[in-house]
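Asks: A single structure is presented below for examination.
The values are calculated or read from the model by the stated rules, or taken from the named source; none is laboratory data. None of these values were measured; they are calculated from a predicted model. Virtual Cβ from ideal backbone geometry, glycine too; neighbours counted across all protein chains shown.
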Amino acid sequence: MEWKKGSAELLILSLVEARPRHGYEISKLIEQRSGGTVRFHVASLYPLLYRLERRGWLHGRWVEKSGQRRRRYYRLTRQGRRVLASQLRGWREFVVGINRITGVENA
Amino acid sequence: MPEWKPEILRRLALLRLSPAREAEIADELGQHLEDRYHELLATGQCEDAAFRTAIGELKGEDLLARGLRPVETDWYREPIAVGKDGNNFFSGILQDLRYALRVLRKSPGFTAVAVLTLALGIGANTAIFSVVNGVLLRPLAFQQSQQLCVIREIVPQLTKFYPTFPANLPSFRIWQQGLHSFENIGIAAGISMDFVRRGGAIELPGAKVSSSLLDTLGAYPALGRNFRPDEDHLGRDHEVILTNSFWRSEFHADPAIVGKAITLNSESFEVVGVLPTSFHFPQSSELGALTNFSPRLAFLKPLGEDPSQIDLMGDFDYAAIGRLGPGVSLAQALSELNVVQAQIAKQANEHMDLGAEIIPLASEVLGPVRQSLLFLLAAVGAVLLIVCVNLANLLLARVPRRLREAAIRTALGASRARLVRQMLTESLLLGILGGSLGILLASFGVSTFVSAAPPGVPRLAEVSIDGRVLLFAIVISVVTAALFGVLPAWHIAHTELQDALKSGATNTTESRRTRRLRSSLIGLEVALSTVLLILAGLFTSSLVHLLHVNTGFSAEHVLATDVDLPPRSYSSNAAGERFYDQALAAIRTLPGVLSVGWINQLPLAGEGTVSVIGLPSTNKADVSNFPLADFRVASPDYFSTMEIPVVAGRIYTEADRGRKLAVISQRVAERLWPGKDPRGQLCLINWSGWKTFQVIGVVGDIRTVQMDKSPAMMVYMQDLPFDNVALGGSIVVRTMMDPSGAASGVREAINKIDSNVPITALRPMTEVISKSVDTRRFQMLLALLFAVCALFLASLGIFGVVGYSVERRRQELGIRMALGAARQDLLRMVLRQGMTPVIAGLGAGVVGALLAGRLISSLLFDISANDPVTLATVVLVVAAVALVACFVPARRAMRVDPIVALRYE
């Protein structure tokens, strides 16, 4: 499927908004919530996570929970939160614009 | 369980990431694939299919690398604990610093001990160095002080008594006119004048100076003006320039004082100027023997030169300071000066030659204090070395624990150089922390030193913490850090780190090499403290010997009262006699007073009048035939009061006044009339002209000038042999009880006779003796302080090392005990191992002390530098302290419960 530029970033940022999650959890959530239509592979998910981390939007940290192997959890930074807010706004405007053009009116 | 990492690493290889980053990514992605694999298994796939699907997530050979390349290649942040060589040197150092801070914060006890001992060591060194800097190194506080020199006169016929003399007035005038090598020459002599203020009269120390002196020194009054050349002469000399400190303390820094008059010796003097704070008059120790300047001058006054009294070969009373002309060498100046001196001698026609010497002012300062100060610097340096050794030992003890960390870091890609750098950064950080605290301590130390130091140390007022001292503190902090940090760092760099990873962290045993290293460090500590203790012991014995030296008089129960007779009201001998007669009579009636006498100068309170004495038959033309003696004017009761024994004949009495009788000391009798009875013999003395005296009695020799010099030849007389302004002197009172109890009575009695007579000192005679050995005592106390610090630190070191080794060997000790070793055997074993380096160190220390003793033998009194009693005492003390330091942890070894020890770990 075609992606709006930046939409993958938006997905990830919004998923870690509530609480820190590790990479596998993020990929599972995207798959589940999109009903299987959107899927990230290792080869695309992690470069994206690292890029967001490099920009300072996410912060990754190794966490060891009892009984589990250690995983890297990503949480939203303050800067990431601001970016997410503005991207959400942009996304909504985009959706509203598309709807107007295509004539799909809200009832 | 499938292996994911090789697959991931193969794909990452293209990116050439750092091993650390590569490992981290492989870890995370591997975990993801593992999760996926388990999920697939749970859906019922077979292992093979699940593996292939999971690996498929990596999507071909190069997708991962392509995705990561833009993110990873220009961005690589090294994880802080890893220690791989970074690309950026400075960011690496910052990282090391952050890490070092974290390590130090994690062990606060160790950090506190390290920083505190370092602070003490560095602080003490900085304090002593600032004294050395202020006294020995800093240039004198005069403009172009390297051009300044002291000029002294040499009378070849008298060099066996006095190698040099200060200058006399006529010579100075001739030099001023005839010498071209000097830009300027000034002279000065110490004087004191009475100054009356609220609370009574005080004796004010000052100097009479030529109008050229301040110009020569390159100093100018901060207020008012310098003296004018015409004010050098008698009658025009009623002006004073005040020193800054006196102006502040007495006149509250009132600038209006210039132009006003103050009263000195009951005469009026106009204040014409005030010196700047920066002006420090050179002290007597700088200007040479026979000059006498107080270290706390209050005023300068003009020379008061009387042209009618010119004696070309007498009154060598003035310190002369010259400023060499530009480009003139000392040798050039001296040869010109000697030509002029020869002319003066010829003109004087007294059968004596005249020469001169010129010494740079700066080198005069160094003189006798140099050796003492350098010794103190060496001693305090040794203490710092012990601090270093202790810290190195502490750090070495932490090495096994650090080895595991180092091994992990190496495995993650850190180079050995980086590991060493990290370890050195930690010690450097400790050094900097200790150094900063040390500088703080030093500033307290310096003020304590300056206030406690005896008056003999020159330029103490100039001692302060300046840029050079700070630089010194920084350098020793860094060097210290390098010294104690390099051993553990080197050790880590040269250990097979993989072995450290294999064995457990806590059980990593100390290698034999580490143990030997730690033992030799203990040996070094013990050796250094032994040397210091032996030297301090030698100083202590010297002082004890000195205080027990037979002075020839008894100072117990004697009160000494110094009085100064104002010249205006006591302008003749007779006036002085009247005052002393009345004072002695009044004091004699005070309760508790056994006897009372007076003398013009107390023993051990400075040199008095020194002149020649001989037989009437001696050729007067050649003074070198005469020995020199110390002359004193003393009342008849002086001898019984001081309990100076009469050996032969009798003491003069009141009835003998004016009869020119002399009482001599035994050494004079032995020198002039060997084997004969000196009673009734005539002798020739030169005290303001030649006079003949008759010897009436012989008294015991006493230590007159210095405790550590054999008794001088003494001549006592009842009256001054010429009429003069009455002498100041000391009234000595022997009491039944504590002499201090009589002080107020004596003061009252003197005040009642003449309240204008200032009492300049009132103290037990024992204090006079004790003061005369102040310099030695001060030196001894400091040496002892450093030595005890050294011993304390060394015993801490021993305690630490033995305790640590017992802790590490719990298991071994438990096994030995389980196998039947008796507790006593274990105790003996631990003690033996602990004491072996101590004994080696003691041996080395004794050898070191024997060598060092040669360097300080001139500072000792009546004791050899290899005094066996001191050596043996110190060896026993060090051995005993070390034994205790070993015994405490060794007893813990004895209490090890074999079961617990074996279960342990």
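Asks: Looking at the range B:847-855, can you tell me whether even one residue there is closer than 25 Å to B:Ala392 by Cβ, more than 36 Å from the chain's Cα centre (by Cα) and either in the same structural domain as B:Pro603 (by TED's automatic domain parsing) or in contact (Cβ under 8 Å) with a residue 24 or more places away in the chain (or both)?
Replies: Filtering the range B:847-855 for residues closer than 25 Å to B:Ala392 by Cβ gives B:847-849, B:851-852.
Of the ones still in play, those that are also more than 36 Å from the chain's Cα centre (by Cα) are none.
The answer is no; no qualifying residue exists.
Asks: Test of understanding: among B:Ala81, B:Ala42, which residue is modelled with pLDDT of 80 or more and not hydroxyl-bearing (Ser, Thr, Tyr)? Full working, then the answer.
Replies: Details: B:Ala81 fails: modelled with pLDDT of 80 or more.
Exactly one of B:Ala81, B:Ala42 is modelled with pLDDT of 80 or more and not hydroxyl-bearing (Ser, Thr, Tyr), namely B:Ala42.
Asks: Quick one: which of A:Glu2, A:Glu17, A:Glu31, A:Glu25 is farther than 21 Å from B:Leu33 by Cα, at pLDDT 85 or above and among the acidic types (Asp, Glu)? Lay out the reasoning, then the answer.
Replies: Numbers: A:Glu2 fails: at pLDDT 85 or above; A:Glu31 fails: farther than 21 Å from B:Leu33 by Cα; A:Glu25 fails: farther than 21 Å from B:Leu33 by Cα.
After applying the criteria, what remains is A:Glu17.
Asks: Let me ask something additional. Residue check: is A:Leu45 under 13 Å from the mean Cα position of the chain (by Cα), within 14 Å of chain B (Cβ to nearest Cβ) and either closer than 15 Å to A:Arg21 by Cα or crowded, with 20+ Cβ neighbours inside 10 Å (or both)?
Replies: On the way: under 13 Å from the mean Cα position of the chain (by Cα): yes; within 14 Å of chain B (Cβ to nearest Cβ): yes; either closer than 15 Å to A:Arg21 by Cα or crowded, with 20+ Cβ neighbours inside 10 Å (or both): yes.
The answer is yes for A:Leu45.
Here's the yes/no breakdown for (1) surrounded by 16 or more Cβ atoms within 10 Å (Cβ to Cβ); (2) in a helix (DSSP H, G or I); (3) not basic (Lys, Arg):
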residue	(1), (2), (3)
B:Ser308	no, no, yes
B:Asp311	no, no, yes
B:Arg323	yes, no, no
B:Leu337	yes, yes, yes
B:Ile344	yes, yes, yes
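Asks: Any chance the range B:176-191 includes a residue that's of a type outside the set (Val, Ile, Thr), without any contact (Cβ under 8 Å) to a residue 60 or more places away in the chain and out of contact with any helix residue (DSSP H, G or I) (no Cβ under 9 Å at 6 or more places or on another chain)? So that I can check it myself, show each step before the final result.
Replies: Here is the first cut: in the range B:176-191, the ones of a type outside the set (Val, Ile, Thr) are B:176-184, B:186, B:188-190.
Subset that is without any contact (Cβ under 8 Å) to a residue 60 or more places away in the chain: B:176-177.
Filter once more, keeping what is out of contact with any helix residue (DSSP H, G or I) (no Cβ under 9 Å at 6 or more places or on another chain): B:176-177.
Yes, that holds for at least one residue.
Asks: Please list, ordered by residue number, the helices (runs of 4 or more DSSP H) wholly in the range B:569-682 having 1 or more residues that are without any contact (Cβ under 8 Å) to a residue 12 or more places away in the chain and under 30 Å from B:Met193 (Cα atoms).
Replies: On the way: elements: B:573-588, B:638-642, B:666-672.
Where helices (runs of 4 or more DSSP H) fall fully within the range B:569-682 and carry at least 1 residues being without any contact (Cβ under 8 Å) to a residue 12 or more places away in the chain and under 30 Å from B:Met193 (Cα atoms), they are B:573-588.
Asks: Moving on to the next point. Confirm whether B:Asp862 is on the phi > 0 side of the Ramachandran plot and in contact with a helix residue (DSSP H, G or I) (Cβ under 9 Å, 6 or more places away or on another chain).
Replies: Answer is yes for this residue.
Asks: Only residues that are out of contact with any helix residue (DSSP H, G or I) (no Cβ under 6 Å at 6 or more places or on another chain) and away from chain A (no Cβ under 14 Å): list them for the range B:1-50, please.
Replies: Residues satisfying the conditions are B:Glu3, B:Pro6, B:Ala13, B:Arg16, B:Ser18, B:Pro19, B:Gly44, B:Gln45, B:Cys46, B:Glu47, B:Asp48, B:Ala49.
Asks: Provide a single number: the residues in the range B:685-730 that are under 24 Å from B:Thr641 (Cα atoms) and not in a strand (DSSP E or B).
Replies: So the answer is 21.
Asks: Can you pull out the residues in the range B:57-69 that are assigned to a helix (DSSP H, G or I) and more than 8 Å from every other protein chain (Cβ to nearest Cβ)? Reasoning before the result, please.
Replies: Going residue by residue through the range B:57-69, those that are assigned to a helix (DSSP H, G or I) are B:63-69.
Once the filter is applied, which keeps residues that are assigned to a helix (DSSP H, G or I) and more than 8 Å from every other protein chain (Cβ to nearest Cβ), the range B:57-69 yields B:Ala65, B:Arg66, B:Arg69.
Asks: Being touching a helix residue (DSSP H, G or I) at 6+ places or on another chain (Cβ under 7 Å) and surrounded by 15 or more Cβ atoms within 10 Å (Cβ to Cβ): is that true of B:Gly552 here?
Replies: Values: touching a helix residue (DSSP H, G or I) at 6+ places or on another chain (Cβ under 7 Å): no; surrounded by 15 or more Cβ atoms within 10 Å (Cβ to Cβ): yes.
So B:Gly552 fails the test.
Asks: Please verify whether B:Val802 is of a type in the set (A, V, I, L, M) and either more than 23 Å from the chain's Cα centre (by Cα) or under 30 Å from B:Leu661 (Cα atoms) (or both), treating the condition exactly as stated.
Replies: Answer is yes for this residue.
Asks: May I pose another question? Across the range B:731-760, what is the number of residues that are in a strand (DSSP E or B) and either out of contact with any Leu (no Cβ under 9 Å at 6 or more places or on another chain) or among the polar types (S, T, N, Q) (or both)?
Replies: 3
Asks: A further question follows. I'm told A:Gly60 meets every condition in (1) in contact with a strand residue (DSSP E or B) (Cβ under 9 Å, 6 or more places away or on another chain); (2) of a type in the set (Gly, Ala, Ser); (3) part of a helix (DSSP H, G or I) except one. Can you identify the failing condition by its number?
Replies: (3)
Asks: Any idea which residue in the range B:588-598 is surrounded by the fewest Cβ atoms within 10 Å (Cβ to Cβ), counting only those that are of a type in the set (A, V, I, L, M, F, W, C) and more than 17 Å from B:Thr766 (Cβ to Cβ)?
Replies: Applying the filter and picking the extreme gives B:Leu590.
Asks: A further question follows. Looking only at the range A:51-84, count how many residues are more than 20 Å from B:Arg36 (Cα to Cα) and within 8 Å of another protein chain (Cβ to nearest Cβ).
Replies: The number of residues fulfilling the criteria is 2.
Asks: Let me ask you something else. Would the range A:20-33 turn up any residue that is at negative phi, among the aliphatic types (A, V, I, L, M), within 11 Å of another protein chain (Cβ to nearest Cβ) and surrounded by 14 or more Cβ atoms within 10 Å (Cβ to Cβ)? Don't jump to the end; show me each part of the working.
Replies: Residues of the range A:20-33 that are at negative phi, as a first pass: A:20-33.
Then keep just the ones that are among the aliphatic types (A, V, I, L, M); that gives A:26, A:29-30.
Among the residues that remain, those that are also within 11 Å of another protein chain (Cβ to nearest Cβ) are: A:26.
If we keep only those that are surrounded by 14 or more Cβ atoms within 10 Å (Cβ to Cβ) as well, we get A:26.
For the range A:20-33, residues at negative phi, among the aliphatic types (A, V, I, L, M), within 11 Å of another protein chain (Cβ to nearest Cβ) and surrounded by 14 or more Cβ atoms within 10 Å (Cβ to Cβ): present.
Asks: Mind checking whether some residue in the range B:208-231 is in the same structural domain as B:His280 (by TED's automatic domain parsing), over 29 Å from B:Gln341 (Cα atoms), among the basic types (Lys, Arg) and free of Cβ contacts under 8 Å to residues at least 40 places away in the same chain?
Replies: No - not one qualifying residue is present in the range B:208-231.
Asks: Give B:Ala397, B:Ala406, B:Ala414, B:Ala442 a once-over and let me know the one that is crowded, with 22+ Cβ neighbours inside 10 Å, of a type outside the set (Val, Ile, Thr) and touching a Lys or Arg at 6+ places or on another chain (Cβ under 8 Å). Quick ask: steps written out before the conclusion?
Replies: Values: B:Ala397 fails: crowded, with 22+ Cβ neighbours inside 10 Å; B:Ala406 fails: touching a Lys or Arg at 6+ places or on another chain (Cβ under 8 Å); B:Ala442 fails: touching a Lys or Arg at 6+ places or on another chain (Cβ under 8 Å).
Being crowded, with 22+ Cβ neighbours inside 10 Å, of a type outside the set (Val, Ile, Thr) and touching a Lys or Arg at 6+ places or on another chain (Cβ under 8 Å) holds for just one of B:Ala397, B:Ala406, B:Ala414, B:Ala442, which is B:Ala414.
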